[in-house]
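**Q** Pasting in a structure now, in structure tokens, and then I'll have a few things to ask.
None of the figures in this text is laboratory data; all of them are computed from the coordinates on show. Since this is a predicted model, take the numbers as computed values, not measurements. Virtual Cβ from ideal backbone geometry, glycine too; neighbours counted across all protein chains shown.
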Amino acid sequence: MQSALAKLNSRLADFEAPKALSLFEWFGELGNFCARLAKAAISPPYEGRELVRQLDEVGSKSLPLVALAGAATGVVLSLQTYASFSRFGAQSLLPAVIVHSLVEESGPIVTGLIVAGRVGAGIGAELGSMRVTEQIDAIEASAVNPYKYLVATRVQACILMLPLLTLAADACGILMGWLTNTLTEPTSLQLFLEAGTKTLTFNDFLPPTLKTAVFGLIVGLIACFQGMRTRGGTEGVGRAATSSVVLSSLGIVLADVLLVRLILVFFP
Amino acid sequence: MEGHAPAIVVEGLRKSFGPQRVLNGVNLRVEYGETLSVLGRSGTGKSVLLKLIVGLLKPDAGSIAIQGRDIAGLSLDQLNGIRKKIGFLFQQAALYDSLTVGENVAFPLKRHTSMSAAERRDRVRELLKQVGMEEHQGKMPSQISGGMQKRVGLARALALDPNILLFDEPTTGLDPITAGEIEELILRMQEQRRAASIVVTHDLHGAKTISDRLALVHEGNVLIEGAFEDLESSQDEFVSRFLRQGS
């Protein structure tokens, strides 16, 4: 019995060791990647043109999707809260609940997750495909730093664009929330906004919007990292795209927990 | 050219990937005006050798000197200074698929020269004309054939007027006519520039046409090096088999 247990234990150890090792390796490589990225991002020359191209890629091209997701969130919030609040005769609180919920949490997290899906997959697949077709080697062989040209520009674009996309999601959500609400209880947009923003303070609005810059950093960093370390042909490209989305979405959700706590502490 | 130092000197080069030893003490020397073809079976580390020379990979042991400078201890800026003197044609051309043919060729010019936009346009046109791709300037890489991509890759490799050229299987996957055209192009460039070139290839016939010397890599080492006749007169069983199968 004891020898059987020892055998099982040794098998488990064999199984766990490579997994634990590869996890440590992954974090080690990520640390090294961050150091190279930081050095490339702060030292001149700067890749202004590529940054503008990436701002367009991350920002303008994600806008319709983010706006649609924001609008859908607004509709759902309006329908759900109306159903619940009408039971208690608290319909007058509806605008404030919709606005607060969208601005403080739903807008930022929905935008972060939508961008993680669209942009994260795009960056992971693009860089992964460039890696396996030796385009990244060709950039390096041309005496151009790929961390500066490819990585820094994409990460910067994600950091800069996420807060702006969040504003768009918030605006669309509020607008659609009002529209849904007004179908059952006709109210003017001005009145809805006044009621919704009456209790909204600077601390309710700015920190949650700016926290999405951290979401942008997570999406850009993880997607570029997974793309740059792609191995193994088209299968590897698929893996890079999938892992970029999964890991950056997970990173956003976990970071949100921490950031919400920090915001509540520093901006009560 | 560049003083009296040889263009490329490789000594005792070793490289492993995990447990697999790819290069096991390779020695090579290439002078300016000379073309060396590196032959060998697939997976013998020929492409790895080129990537080590251009600093894309780090060797486990041994040294690589470009124009008399050992590249091992160089900073990234110093290494990039050397890379600007090296033109590299990749196996699949490795054109940037988000840029047009013209933008691909202009890529190194934009970053490493102070040329005006008009001067750059002229230079791109001239380079593409040299490889017969002038009228395809506005196309995307996906819109041109593999042979055309190699031509564009060659134009891009020549953009900064390098005096060292590295070709990674320049004719692999091409039909015999296109392969012949690429070989002619390489020969012409070599005659015009008197550069030091290393051509990694499986194509024995092409290697014979374009090179001054050949080196046969086997089991991580250079088994034999010399003119084609030297290889032909070798008594080594592997060399004879390689020449027999390749011709």
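**Q** Hand me the list of helices (runs of 4 or more DSSP H) wholly inside the range A:88-158 holding 3 or more residues that are within 30 Å of B:L57 (Cα to Cα). Before you say what the answer is, go through the steps one by one.
**A** Numbers: elements: A:94-101, A:107-115, A:121-132, A:135-141.
Passing ranges, in order: A:121-132, A:135-141.
**Q** Is there a residue in the range A:83-92 that is over 25 Å from A:D256 (Cβ atoms) and either basic (K, R) or surrounded by 21 or more Cβ atoms within 10 Å (Cβ to Cβ) (or both)?
**A** Just the residues of the range A:83-92 that are over 25 Å from A:D256 (Cβ atoms), to begin with: A:83, A:85-92.
From what's left, either basic (K, R) or surrounded by 21 or more Cβ atoms within 10 Å (Cβ to Cβ) (or both): A:87.
For the range A:83-92, residues over 25 Å from A:D256 (Cβ atoms) and either basic (K, R) or surrounded by 21 or more Cβ atoms within 10 Å (Cβ to Cβ) (or both): present.
**Q** Then there is this: If we keep just the residues of the range B:70-98 that are touching a Gly at 6+ places or on another chain (Cβ under 7 Å) and in contact (Cβ under 8 Å) with a residue 40 or more places away in the chain, which is farthest from B:G43 (Cα to Cα)?
**A** The residue in question is B:L95.
**Q** Next question, about the same structure. Tell me which of these B:I210 doesn't satisfy, since it passes every other one: (1) touching a Lys or Arg at 6+ places or on another chain (Cβ under 8 Å); (2) buried (at least 17 other Cβ atoms within 10 Å of the Cβ).
**A** Unmet for B:I210, out of (1) touching a Lys or Arg at 6+ places or on another chain (Cβ under 8 Å); (2) buried (at least 17 other Cβ atoms within 10 Å of the Cβ): (1).
**Q** Give B:V124, B:V105 a once-over and let me know the one that is more than 14 Å from every other protein chain (Cβ to nearest Cβ), crowded, with 19+ Cβ neighbours inside 10 Å, within 17 Å of A:S142 (Cα to Cα) and among the β-branched types (V, I, T). Break it down stepwise before answering.
**A** On the way: B:V105 fails: more than 14 Å from every other protein chain (Cβ to nearest Cβ).
Testing whether each residue is more than 14 Å from every other protein chain (Cβ to nearest Cβ), crowded, with 19+ Cβ neighbours inside 10 Å, within 17 Å of A:S142 (Cα to Cα) and among the β-branched types (V, I, T) leaves just B:V124.
**Q** Return a yes/no flag: does the range B:44-67 have any residue that is within 9 Å of chain A (Cβ to nearest Cβ) and farther than 22 Å from A:S129 by Cα. Before the answer, list the steps.
**A** Residues of the range B:44-67 within 9 Å of chain A (Cβ to nearest Cβ): B:51, B:54-56.
Of the ones still in play, those that are also farther than 22 Å from A:S129 by Cα are none.
No: the range B:44-67 contains no residue that is within 9 Å of chain A (Cβ to nearest Cβ) and farther than 22 Å from A:S129 by Cα.
**Q** Okay, next question. So for the range B:94-101 (the condition being surrounded by 21 or more Cβ atoms within 10 Å (Cβ to Cβ), in contact with a Pro (Cβ under 6 Å, 6 or more places away or on another chain) and either at the interface with chain A (Cβ under 9 Å from one of its Cβ atoms) or β-branched (V, I, T) (or both)), does at least one residue qualify? Quick ask: steps written out before the conclusion?
**A** Applying the first criterion (surrounded by 21 or more Cβ atoms within 10 Å (Cβ to Cβ)) to the range B:94-101 yields B:94-95, B:101.
Then keep just the ones that are in contact with a Pro (Cβ under 6 Å, 6 or more places away or on another chain); that gives B:95.
Add one more test, that the residue is either at the interface with chain A (Cβ under 9 Å from one of its Cβ atoms) or β-branched (V, I, T) (or both), and what stays is B:95.
Yes; the residues of the range B:94-101 include at least one that is surrounded by 21 or more Cβ atoms within 10 Å (Cβ to Cβ), in contact with a Pro (Cβ under 6 Å, 6 or more places away or on another chain) and either at the interface with chain A (Cβ under 9 Å from one of its Cβ atoms) or β-branched (V, I, T) (or both).
**Q** Does at least one position in the range A:95-106 carry a residue that is over 23 Å from A:F192 (Cα atoms) and surrounded by fewer than 22 Cβ atoms within 10 Å (Cβ to Cβ)? Full working, then the answer.
**A** We begin by selecting, within the range A:95-106, every residue over 23 Å from A:F192 (Cα atoms); these are none.
No; the residues of the range A:95-106 include none that is over 23 Å from A:F192 (Cα atoms) and surrounded by fewer than 22 Cβ atoms within 10 Å (Cβ to Cβ).
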